[in-house]
Amino acid sequence: MDRQQQAIEQLREAIEKEAGRKMKTPKDFDYLSEVIERQLHEHISSTTLKRMWGYLAEPVTPRVSTLDILSQFLGHAGWDTFCKSLPDESSVSTATVPEKKPLFRRHPVVLAVVSALILVALIWLIIPSKSPEDEPITFADEQVKALCVAHWDTNGDGELSYAEAAAVADIGEVFKGNPEITSFDELQSFTGLTFIEFGAFNNCQKLKTIIIPDNVWQIREMAFFNCNSLESIQIPPSVTSFGNAVFWLCTSMKSITISKNVTSIGNQFLDTCGCLGTVVVEEGNSRYDSRDNCNGIIETATNTLIAGCTNTVIPEGVERIDDSVFHGMWNFASLTLPASLKSIGKIGLTPQGTYMSHIRHPFPFSIDCFGEETKESCTLYVPVGTREAYIAAGWTEDLFKGGVIESPNM
């Protein structure tokens, strides 16, 4: 094997160590391709990776650009830098050594001791030992255990080990619509997952607690739709993307934190989470913020409030309330609309409670802002001298059944 091939082999070994898995299956190569693109914003196809690892029986010499990207994945500037970091081949001394009698011939007792040690070692090798990864997972919910064993117990021992869980790349619809499961904190051991599938826990109405594993970077559409008993969900910082309506009708959720790494949040993200009281975006997020401790999610570049809760305080500077932000938030008593607000999306508000508007030049308002559920009365307080302008713009007592009232405090 020439020097370059040795370096490529060492590169492959280092990448497998960094990725935390051996490249053995198509899903392994798909995973590595996704991780490289997510971390470096560089694309290497899974087919190219398969050729480089010899998974495909096609002779190939990797391009330098490919080797550069893989070296950067390991923290090096490029392929040349990686090669320079490798140790030089060590030379082996061939100097002659004076011949001595074997130690065993000179000391029979030593021979006996060594023989005994060898016997013990052989017995240790023959008796199989379990690594921590082979130990079975202790499930709090027997229903969850039964489903996991039925689908992923590869050795047929009636248990699911940590190694078996880590080998799962997609949970599919195994739990979808299950009416019995109550907790799945053990999902954190499924470290081979990179996404939570569309509707994966849809309508699991007794599910109360779950922990998403590290390495998951995407939670897809309606993953927890109508999980109306869900009180606690731990989301790792590896998650960067949420699909549409992920937590729709999760009416028992009390709080949620969005990490600084999240770059994409779909529509109706927290729609109808009526008990939600705390919404926080971590400092340092480049796409979203919770400025002024507002208990909401604001798209920073457009100053659009895209998700809220019963305790949201819309800060000055927000220009739009997105669709469905307060839909189903039946527990809030009042909401103040800042002077900067320019539009409200469809079902952006819930027709209940007290609204205090600082807007001096009201924009058009319609039934779409409330949806069709106008059975609850609400009152709108507006700045002195602006009531007629509000009525003309559609902010009428047909919608605000408690009245449109001028207030000196606005």
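If we count every other residue with Cβ under 14 angstrom of M356's Cβ, Lys/Arg +1 and Asp/Glu -1, where does the sum land?
Computed value for this residue: 0.
Using the basic label-point model (7 angstrom from Cα toward the beta carbon), what is the T25 to E388 distance in nanometres?
With each label placed 7 Å out from Cα toward Cβ, I get 7.3 nm.
Tell me what the chain gives for mean residue ellipticity at 222 nm when only DSSP H runs of n ≥ 4 count, each as -39,500 (n - 2.57), the sum divided by the residue total, rounded to 500 deg cm²/dmol.
Mean residue ellipticity at 222 nm (helix-derived): -7500 deg cm²/dmol.
Running a GNM on the chain with Cα contacts under 10 Å, which residue among L207, L74, L117 ends up with the highest mean-square fluctuation?
L117
Could you run the Karplus curve 6.51 cos²θ - 1.76 cosθ + 1.60 with θ = phi - 60° over segment 144-150 and give me ³J(HN,Hα) per residue in whole Hz, x for Gly and Pro?
So the Karplus estimates, Gly and Pro as x, are 5, 4, 4, 5, 5, 5, 4 Hz.
In the chain, once you exclude exposed GluC sites (Glu not before Pro) (DSSP loop, at most 11 other Cβ within 10 angstrom), what's the longest stretch remaining?
100-282
Nearest 20 debye, what's the magnitude of the dipole of segment 254-410 about its Cα centre given +1 on Lys and Arg Cβ and -1 on Asp and Glu Cβ?
That gives a dipole near 140 debye.
Using the charge dipole of segment 3-85 (Lys, Arg: +1 at Cβ; Asp, Glu: -1 at Cβ; taken about the Cα centre), state which of A7, L74, I44 has its Cα farthest towards the positive end.
A7
Can you tell me the dipole magnitude for segment 3-85 around its Cα centre, using point charges on the Cβ only (Lys, Arg +1; Asp, Glu -1), in Debye to the nearest 20?
Dipole of segment 3-85, to the nearest 20 debye: 220 debye.
If you place +1 on the Cβ of every Lys and Arg and -1 on the Cβ of every Asp and Glu, how big does the dipole about the Cα centre of the chain come out, in debye to the nearest 20?
1000 debye
Compare the Cα positions of S229, T61, Q205 along the charge dipole of the chain (+1 at Cβ of Lys, Arg; -1 at Cβ of Asp, Glu; about the Cα centre) and return the one farthest towards the positive end.
Highest projection toward the positive end goes to T61.
Which of the residue pairs K176/K254; K346/K401; K17/K50; K254/K401; K27/K254 have a Cα-Cα distance greater than 26 Å in the structure shown?
K254/K401; K27/K254, as the Cα separations exceed 26 Å there.
Coordinate-derived values only; no laboratory data. Given the structure is predicted, the values throughout are model-derived calculations rather than measurements. Glycine gets a Cβ as well: all are built from the backbone with ideal geometry, and neighbour counts include every protein chain shown.
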